[in-house]
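No value in this document is a laboratory result; all are computed from the given coordinates. Only a predicted model underlies this, so the values are computations on that prediction, with no experimental measurement involved. Here Cβ is always computed from backbone atoms with ideal geometry, including for glycine, and neighbour counts include all displayed protein chains.
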Amino acid sequence: MTDTVLQNFALGEWRCGDGGFAEIRSAITGHTVARTSSAGLDFKAMAEFARNVGGPALRAQTFQQRAAMVKALGLAIMERKEELYALNPHSGATRKDGWIDIEGGAGTLLSTASKAKRELPDDTIILDGAIEQISRHGTFMAQHIYTSLRGVAVHINAFNFPVWGMLEKLGPTLIAGLPAIIKPATPTAYLAEAAFRIMIESGLLPEGAIQLIVGSPGDLFDHLTGQDVVSFTGSASTASKLKTHPAIIRESVRFIAEQDSLNASMLGPDATEDSPEFDLFVKEVVREMTVKAGQKCTAIRRALVPAALLDAAQNAIAARLAQTTLGDPGLEEVRMGALVSRSQCADVQEKISILSGEAEIVFGDAKTAVIIGDDAQSGAFISPILLRCNDPWAAKSVHEVEAFGPVATLMPYKDFSDAINLANRGGGSLVMSLFTHDPVIAHHVVRNTGAFHGRIAIINRDSAKESTGHGSPLPMLVHGGPGRAGGGEEMGGVRGVKHYMQRSAVQGSPDILAGVTGAWVNNAPIESEKPHPFRYKFG
């Protein structure tokens, strides 16, 4: 990849920024691979273009038509996926890492479209629940419905999954009938821009349906209204700044946040060193530390084990980590690539320093690593780091500080109740996993940790072969979490579509409600002009 000037897509046209370009460097070689700027864009005009051009065009389509469009977008990306894989190594990712981002992103569009086609009507509103009879004689009733908002969705995405992160938000947004303005994270904006370009060149989207900002979003937030939605993925500190923007507060703009979280994985108290669950737990901790070099919002940060198994777990995890080869992700023998940038590497090293004040580094060196590949010696590499915290009850940083890289902390629990309390010490997480073969243990863990976690994955010898693992958000399942994790929710099939719509209670007589909804309502006049459905002839 040569030094490329990335382009914004605004008001239906591609255009470069007017100046003030930021350089994006390869995570492997350190060389500049792209430059990006949004200087000169009229952000107010972009928002109005989305609302006045893109919105009406999308709302003119039914859910079935929008779902067909989203499916076609996923297929278009799959057809040109190798163009994206060619750029992928510069982000520090192996091809296996890239599969999660590129094909996983396209697959999310396909899955979301499939759910919509099966569950949504060939209409532009969604009925929510049954008719509510609110009068004695049934002449005044109510029906909850969802309608499309009349604004624009602003998507602020993270650097770790530039394709998947863009598409998992975009699918539900388009199906909801809402246009989107997409702002990818700068370090991997070249991948997002390439995937976005594929969608535009497909010719599948109506004008104004999507726009792209590859630099700063400028004063875009100043022009948001109560009909708009902001969907954000990133750090808690950035989310806090955006949530408190005057326009967000003044207009009560919907803000969906998916933030970093200190996800826990728990080895159940029924496990022994020779049980299948012990081995599965060890493999999962190592996998979550090394896939994408640990740069996953769902990665395991805290590994909880029975105190009696602490040494055994440490030795087993360290032994597997020792087999991990670091280096140029284009080389076949490399198993873990680089962090996204040198600045990210420095940030992770700083966080490791904080964590090591309360925990001991028992595997790895934050300053040195053996790197494979002559061109990778200047890359943003860091060794997998396993820490051990012997006193997690007194410790604070291990439950509050996230090193967003190949870093996890092993900690013991004394008893079952203690394990649950430690899992919840994360203050709200995207996911936790439990490795147990005992349904009673699973029963108590779910009921006592559910309030703190957006997803709970229970894995054992019976499910391991088909399990999607601890760290894989799925398009049919909700993705998000309370508290520190942002308090937001994405995906979850049709649930994710409804986040971009307005629910209203509509009241009226049976015939009025039948006219509004297009569905039969008890006590409404019977339509007799059209043939009975059983009398239609097909073929």
| field | Label-point separation in nm, Asp274 to Asp374, each point 7 Å along Cα→Cβ | value | 5.1
| Per the helix-only calculation at 222 nm, which mean residue ellipticity applies to the chain, given -39500 (n - 2.57) for every DSSP H run of n ≥ 4 and division by its residues, nearest 500 deg cm²/dmol? | -9500 deg cm²/dmol
| task | Just subtract the alpha-carbon distance of Leu331 and Leu75 from 0.36 nm times their residue separation and send over the number in nm, one decimal. | result | 89.3 nm
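If you stretched the chain out fully between Ala86 and Ile512, how much longer would it get, using 0.36 nm times the residue separation minus the C-alpha to C-alpha distance? Each step should come with its number before you reach the end.
Working: separation 426, 0.36 × 426 = 153.36 nm, distance 5.67 nm.
So the chain would gain 147.7 nm between Ala86 and Ile512.
Please work out the Kirkwood hydrodynamic radius for the range 264-476, using every pair of different C-alpha atoms, and report it in angstroms with one decimal place.
Numbers: mean 1/r = 0.0578 Å⁻¹.
Computed over the range 264-476, the radius equals 17.3 Å.
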| field | trypsin sites (Lys or Arg not before Pro) within the range 349-443: DSSP coil, no more than 15 neighbouring Cβ in 10 Å | value | Lys367, Lys396, Lys414
| said: Please compute, over every Cα-Cα pair in the range 155-282, the percentage with a separation greater than 27 angstrom. | reply: 33
| field | Overall dimensions of the chain by Cα: Rg and Dmax, Å | value | 25.0, 82
| request: Check each of the chymotrypsin sites (Phe, Trp or Tyr not before Pro) in the range 95-151 and keep only those in coil by DSSP with at most 16 other C-beta atoms within 10 angstrom; list them in order. | output: Phe140
| What angle, in degrees between 0 and 90 and rounded to the nearest 10, separates the Cα long axis of helix 95-119 from the longest principal axis of the Cα atoms of the chain? | 30
| request: Note down the nm distance, to one decimal, between modelled labels 7 Å out along Cα→Cβ at Ser353 and at Glu251. | output: 4.1
| task | Pop a pseudo-label 7 angstrom from the Cα along the beta-carbon direction at both Ala524 and Ala308 and give the gap in nm to one decimal. | result | 6.5
| request: Just subtract the alpha-carbon distance of Gln64 and Ala346 from 0.36 nm times their residue separation and send over the number in nm, one decimal. | output: 96.8 nm
| query | Between Thr147 and Asn421, what FRET efficiency follows from the Cβ-Cβ distance if R0 is 51 Å, with the result rounded to 0.05? | reply | 0.70
| note | Between Tyr536 and Arg447, the FRET efficiency computed from the C-beta separation at R0 = 45 Å comes out, to the nearest 0.05, as 0.35
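Over 31 Å between C-alpha atoms is what I'm after, so list which of Lys44/Lys296; Lys292/Lys396; Lys44/Lys351 land there.
Values: Lys44/Lys296 33 Å; Lys292/Lys396 27 Å; Lys44/Lys351 38 Å.
Beyond 31 Å between Cα atoms: Lys44/Lys296; Lys44/Lys351.
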| note | Highest mean packing first, using Cβ neighbours within 10 angstrom, the peptides 328-339, 8-19 sort as 328-339, 8-19
